[in-house]
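The values are calculated or read from the model by the stated rules, or taken from the named source; none is laboratory data. Keep in mind the model is a prediction, meaning the values are calculated, not measured. Because the Cβ atoms are built from the backbone with ideal geometry, glycine has one as well, and the counts that use them run over all protein chains shown. We work out accessible area using only protein heavy atoms, side chains counted, and drop any ligands, DNA or RNA first. Shrake-Rupley method; radii C 1.70, N 1.55, O 1.52, S 1.80 Å.
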Amino acid sequence: MAAPMRKDEARVAATEARLAALDLPKGGFTAHARANALARLREMGLPGRRDEYWKFTDPAVLNATEAAKAALFDPKESQLFGGVDCVKLVFVDGVFDAEVSDDPVLAGVEIARLAEAGASDIHWAQELYGALEAKGQSPVVRPFAALNTAAATDGVLIRATAQAAKPVHLVYRHESEASDAILHHCVKIEPGAELTLLETGPAAARFNKVMEVDVAAGGRFHHVRAQGRDHERRAITHIFARVAEEASFKSFTLTVNGQMTRNECVIEIAGDDAIAHVAGAALGDGSYGRFHHDDTIFVTHDAERCESRQVFKKVLKNGAVGVFQGKILVKPGAQKTDGYQISQSLLLDEDSQFLAKPELEIYADDVKCSHGSTTGAIDETALFYLRSRGVGKQDATALLVLSFLADAIAEIEDETLAAEIVERLEAWLQRRKK
Amino acid sequence: MLNIKNLQVKLEEEDKQILKGVDLTVEAGKVHAIMGPNGSGKSTLSYVLSGRDGYEVTGGSATLDGEDLLEMEPEERAAAGLFLAFQYPVEIPGVGNMTFLRTALNSQRKARGEDEVSAAEFLKLVREKAKALKIDADMLKRPVNVGFSGGEKKRNEILQMAVLEPRMCILDETDSGLDVDAMKLVSDGVNALRDEGRAFLVITHYQRLLDHIQPDVVHIMAAGRIVKTGGPELALEVEKNGYADILAELA
């Protein structure tokens, strides 16, 4: 029994050291939720490489008490979604900056700042803050999400009561080399309401973000995000979503660069005839030090006639590492479930690596579930076909990379947003032409 | 225009000689047909000329208007005016047919030091060419060859040829998988491109394509060599008696 004791002691010590380095917010309407989250975190402890869901991703940089520096990066390009009419809310190194943000005014949508909501009684947010996160801790623990609920210093509370006329855009700027940001957002889509949420930017040297999204009956939530291009940034993000009957939840993430990114998405489909789609496109070039990208997805079907899709694509080169851990859990009684999961990687050289763990767990007998995972190189026949038409090798490769990513991008419903994402992908590919 | 001398080719991965000394000259304005049984090396010849990986040239030469084809990358051969219509056109999901064609045309023009074609000019050009081949706007918008029938894929190959305007066109078993109507449509497309300054090399198993695209010269290929050359009547002879007679006569 001596060995496990030592391991637990190390875990406890690491967790306490991490907590000691944080200035935990006190009081306000989140006080109770934060105290509970703190207790959850102490119970589970910070993760280690031996934990089932951390075998492929080393949590050391996330566990460290201090965030290592990440060089600031000027992408020398216009703001993504800059041409989209939206309500822009800017966070600089994890702190909301009202000066450079738009007025948080949008018909049918209430927007409040977490850091200022403290004493006020925002009833819906008090019910939601930490609730989906707490529920999402079972059957797989997510310590960084508990840490986030306990320690988040800022974030937005968004409640849509009608169809929003334009998207809300969260812009995350990284302006201080050693910033360590913890943001927690709560989004409530009331019955029949609809909202598009955009997120762009690196946020900080180290970024821990949780977004809890509660989509009520018939509500629609669209989410498109692009994580910043800073090569040295690290990020751990969680989305916890609950989708009620006839509601729809759609999320797409573009990741280009970044030393380490882990995006977890935990979706509970709680009402009949609901839809949940989650997709991601990641492009990684390990020649800037390191590129490690991890998508960890858990979709639970707990209602009838629901549809879920997971579409994840990664393009890797120069020693980049991609990880996909995706699960579909179909609970007893969730009949007529249509669950789909695909994870694919395109390795542009022999140095890169893709690690996938697809899982299906089904307790209903009348369901349709499929999953697949592939790893491959550029298709030589397709490459020759393009070149034989006069397209140079680099351009032909770029076209085939876009072709590979097409299914993931197709998950973005809005054509304007999809076109902007494709433009960024093309730019990334152009920059990497030899 | 196309000059092939004693071309010898083996597969890179196995020590297997496919072409054992091919001699062939195709003049501008002419249509040459190559017929031959399976495994005679017809498709290999088309791939080696267009620059596909996997083949090793062990001897001989191939030039287009005096330029050494074998030294060029596939895209350079295309820019120099060579075009291969594939036996099995490749599906490229997520890349629109128009995007692909425009990228191809402008890449070639750039390589030749010509100005790129604007989006508007290009649209006009493609619509005009597509109409003749009965390719509708929907087909042009769809991803390259994805969900196309066999006939649509071959028509798409001819559309590419019409837009790119190569000088030397190689058609690799373009008739395979075509019904009678599609064959007529594809042949009409090819015939419309026949021109003083352009040459064709039509590879086929069967004489029936040559009813529509009438060749000036017919070659019979067997075991990696051109074994017999003649006029259009040679194709009729193959149709009537098969290859066995011709091969037996040569043996």
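Observations
- Filtered GluC sites (Glu not before Pro), the range A:344-393: DSSP coil and at most 14 other beta carbons within 10 Å: A:E350
- Separation of alpha-carbon centers, the range A:319-347 and the range B:138-181, rounded to whole Å: 37 Å
- Sparse-neighbourhood loop sites, GluC sites (Glu not before Pro) in the range B:1-77 - DSSP loop, at most 13 other Cβ within 10 angstrom: B:E12, B:E13, B:E14, B:E27
- Net charge over other residues, Cβ less than 11 angstrom from the Cβ of A:R309 (K, R count +1; D, E count -1): -3
- Difference of contour (0.36 nm per residue) and Cα-Cα distance, B:N3 to B:N38: 10.2 nm
- Cα point-scatterer Debye curve for the range A:10-377, base-10 log of I(q)/I(0) at q = 0.11, 0.13 Å⁻¹: -0.72, -1.04
- Loop-located GluC sites (Glu not before Pro) in the range A:42-99 whose Cβ has at most 13 other Cβ within 10 Å (DSSP): A:E66, A:E77, A:E99
- Per residue, chain B reaches -12500 deg cm²/dmol at 222 nm when only DSSP H runs of four or more residues are counted, each adding -39500 (n - 2.57).
- Selected from B:A85, A:P75, A:F384, residue furthest toward positive end of dipole (the protein assembly as shown; charges at beta carbon): A:P75
- Per-residue extension of 0.36 nm, minus the Cα-Cα distance of A:A107 and A:H123, leaves a gain of 3.8 nm for this segment.
- For the range A:10-377, averaging the sequence separation of C-alpha pairs within contact (under 8 Å, six or more residues apart) and dividing by the residue count gives a relative contact order of 12 percent.
- Shape parameters for the protein assembly as shown, alpha-carbon atoms, Rg then Dmax in Å: 30.6, 101
- Entries in B:K184/B:K240; A:K88/A:K331; A:K88/A:K336; A:K88/A:K317; A:K55/A:K313; A:K188/A:K331 that, when Cα-Cα distance is taken, lie over 30 Å: A:K88/A:K331; A:K88/A:K336; A:K88/A:K317
- Spatial extent of chain B: Rg and Dmax, with the Cα atoms as the point set, Å: 18.0, 59
- Dividing the mean sequence gap of close Cα pairs (under 8 Å, 6+ apart) by how many residues the range A:225-320 holds gives a relative contact order of 30 percent.
- Percent carbon-and-sulfur accessible area, the range A:237-301, ignoring ligands, DNA and RNA, probe 1.4 Å: 42 percent
- Buried on complex formation within the range B:86-101 (loss of at least 20 square angstrom of accessible surface versus the isolated chain, 1.4 Å probe, ligands and nucleic acids ignored): B:F86, B:V90, B:I92, B:P93, B:G94, B:V95, B:F100.
- Excluding ligands, DNA and RNA and using a 1.4 Å probe, chains B and A jointly bury around 1900 Å² of accessible surface, summed across both partners.
- Per-residue extension of 0.36 nm, minus the Cα-Cα distance of A:Y363 and A:E426, leaves a gain of 18.4 nm for this segment.
- Modelled label positions at A:N318 and A:E413, each set 7 Å beyond Cα in the direction of Cβ, lie 3.8 nm from each other.
- DSSP bridge pairs, chain A: antiparallel proportion in percent, nearest 5: 5 percent
- Mean separation of Cα contacts under 8 Å (6+ apart) over length of chain B, as relative contact order %: 29 percent
- Mean projected area in nm² (Cα convex hull; one quarter of hull surface) for the range A:54-105: 6.5 nm²
- Within the range A:10-377: Cβ-based charge dipole about Cα centre, in debye rounded to nearest 20 (Lys, Arg +1; Asp, Glu -1): 700 debye
- Those residues of the range A:172-203 whose amide nitrogen sits under 19 Å from the label point placed on A:K69, 7 Å along Cα→Cβ: A:174-181, A:203
- Nearest-0.05 FRET efficiency for A:K336 and B:E196, computed from C-beta distance (R0 56 Å): 0.25
- Annotation: per residue accessible area for the protein assembly as shown equals 40 Å², rounded to a whole number [probe 1.4 Å, protein chains only].
- Label positions at B:D53 and B:D181, each projected 7 Å from the Cα along the C-beta direction, are separated by 4.1 nm.
- This model, with +1 at the C-beta of Lys and Arg and -1 at the C-beta of Asp and Glu, gives the protein assembly as shown a dipole about its Cα centre of some 800 debye.
- Long hydrophobic helices in chain B: the complete DSSP H runs spanning 15 Å or more by Cα along their own axis with mean Kyte-Doolittle hydropathy of at least -0.5 are B:119-132, B:150-164, B:180-193, B:233-250.
- For the pair the range A:44-118 / the range A:237-277, the C-alpha centres are spaced 17 Å from each other.
- Reachable aspartates and glutamates, given that their alpha-carbon falls under 16 Å from the alpha-carbon of A:K209 and they are not under 8 places away in the same chain: A:D93, A:E133, A:D154, A:D180, A:E199, A:E264, A:D294, A:D295
- Spin-label pair A:S138-B:A119: with each label point 7 Å from Cα along the Cα-Cβ axis, the two points sit 5.5 nm from one another.
- Signed unit charges on C-beta, dipole axis of the protein assembly as shown, positive-most listed residue B:L250, B:I18, B:N38: B:I18
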